[in-house]
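Accompanying notes for the structure given below.
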Amino acid sequence: MPRRLFEAVPNLSEGRDLAVVEAAVEAALEAGAEVLDWSADPDHNRSVLTLLGSPVTLTAASLALARVAAERIDLRRHAGVHPRIGALDVLPFVPLVGATMADARALAWSVGEALGRDPGLPVYYYAEASTPAGRGLDELRRGGFEALADGWPEGREPDVRPEPWPHGGAHPSAGAVCVGARRLLLAWNVVVKGVGIGAARAMARSIRAANGGFAGVRALAFELERRGVVQISMNIEDLRATAPIDVYRAIERAVAAAGGEMGATEVIGMIPDAALRGAAADRLRLREVGPARVISARVLEALGAGDWVAGDSSK
């Protein structure tokens, strides 16, 4: 039977101790997953890995790196600008080849149940894996890990709670995990120069879908002390509805009106082809957009290495 190919994008709440991040990467590799990309940011104090593999491989890789995170990341001592509730904070699965969104949902549920057993972490399902579908990360991470430390807020009991569970709330040091199923998205950051954090936050609000901005856009603004810059950090979750260049132009206009200028743009993880249409790569000032960073090119490499078959990943 032809195999199915998925992407997994685990986010770890560690971006300063690279030994921990590298141990998680090594654990995923040893489990058989292909690590397409990984990055760590000390201001966000967060790292993002992009894995490629079959359901069996990604299950093993997810559990292996979750054990590293649970053993070596202590959220009681964690500080960073990015919201988080877990050592392994987010774990989405994306159907790529020979798989549907229903397959990704089933994979998310299977991995979530396994995470509850070992390393024994509470799990929330989000996006297409939640019931009903569409639960957002914003509501799950409201108040951060600290809001879950002593008990579950009303309406936010986890979907998977390890048994027996002696704690009043989340795992004392590793918190909880958000496991999801979703489509490909573009995760990217834009540095804005000559603009204060208050103005940048207003710009982030203006483009956010939840505030009437662009469809499928989530955005936050951060002041990165170590780098000495202000950054607007975004996810475009529906590249069919929103073109990255339109979001970029809206920020550019707002920055110019505030007397500032646009700085560098960085993509976190892999780059969907939709972000590169036309002259978008140059216009967006995207860095490192060679074939190694483009998801379709890496999928084609995997297709050449095994008996994958194409499928509809848009369902």
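Return the FRET efficiency for the residue pair Ala133, Ala250: r is the Cβ-Cβ distance, R0 is 22 Å, and the value is rounded to the nearest 0.05.
Working: r = 28 Å, r/R0 = 1.28.
Efficiency, rounded to the nearest 0.05: 0.20.
Taken one residue at a time, the phi angles of segment 225-236 give Karplus couplings (6.51, -1.76, 1.60, θ = phi - 60°) of 5, 5, 9, x, 9, 9, 10, 9, 10, 9, 10, 9 Hz. Gly and Pro are set to x. Sorting the segments 133-145, 38-50 by their mean number of nearby beta carbons within 10 angstrom, highest to lowest, gives 38-50, 133-145.
Scanning residues 5 or more positions from Val179 or on other chains, those with amide H under 5 Å from its amide H are Leu91, Tyr124, Tyr125, Tyr126, with H placed 1.01 Å from N in the peptide plane. If R0 is 45 Å, the Cβ-Cβ spacing of Arg117 and Glu223 corresponds to a FRET efficiency of close to 0.65. For segment 111-256, build the charge dipole from Cβ charges (+1 Lys, Arg; -1 Asp, Glu) around the Cα centre, then report which of Ala256, Ala114, Ser233 sits farthest towards its positive end. Farthest towards the positive pole: Ala256. Amide H to amide H distances under 5 Å link Gly151 with Gly169, Ala170, where only residues 5 or more positions off or on other chains count and H is placed in the peptide plane. For segment 102-108, putting each phi into the Karplus relation 6.51 cos²θ - 1.76 cosθ + 1.60 with θ = phi - 60° gives couplings of 4, 5, 5, 4, 4, 5, 4 Hz, in residue order, rounded to whole numbers and with x for Gly and Pro.
Taking 0.36 nm per residue of separation and subtracting the Cα-Cα distance, full extension of the segment from Ser296 to Glu26 would add 94.8 nm. DSSP beta bridges fully contained in segment 5-181 are about 70 percent antiparallel. Note that segment 44-61 has calculated 3J(HN,Hα) couplings of 5, 6, 8, 10, 10, 10, 10, 10, 10, x, 7, x, 5, 5, 5, 5, 4, 5 Hz, one per residue in order, obtained from phi through the Karplus relation 6.51 cos²θ - 1.76 cosθ + 1.60 (θ = phi - 60°); glycine and proline are x.
Entry note, the chain: the mean residue ellipticity at 222 nm calculated from DSSP H runs of n ≥ 4, each adding -39500 (n - 2.57), is -9000 deg cm²/dmol after division by the residues and rounding to the nearest 500. Placing dummy labels 7 Å off each Cα toward the beta-carbon, the span from Glu157 to Ala202 is 4.4 nm. Put +1 on the Cβ of each Lys and Arg and -1 on the Cβ of each Asp and Glu in segment 5-181; which of Ala64, Val160, Trp38 then has its Cα farthest toward the positive end of the dipole? Farthest towards the positive end: Val160. Note on Val35/Asp150: beta-carbon distance plugged into 1/(1 + (r/R0)^6) with R0 of 35 Å gives a FRET efficiency of 0.45. Each pair of Cα atoms in segment 64-186 enters the Kirkwood radius, and Stokes-Einstein at 10 °C and 1.306 mPa s then converts it into a translational diffusion coefficient of 109 µm²/s.
Read-outs: derived from the displayed coordinates by stated rules, not from any lab. These numbers come from a predicted model, not from an experiment. With ideal geometry, Cβ positions are generated from the backbone for all residues, glycine too; neighbour counts draw on all protein chains shown.
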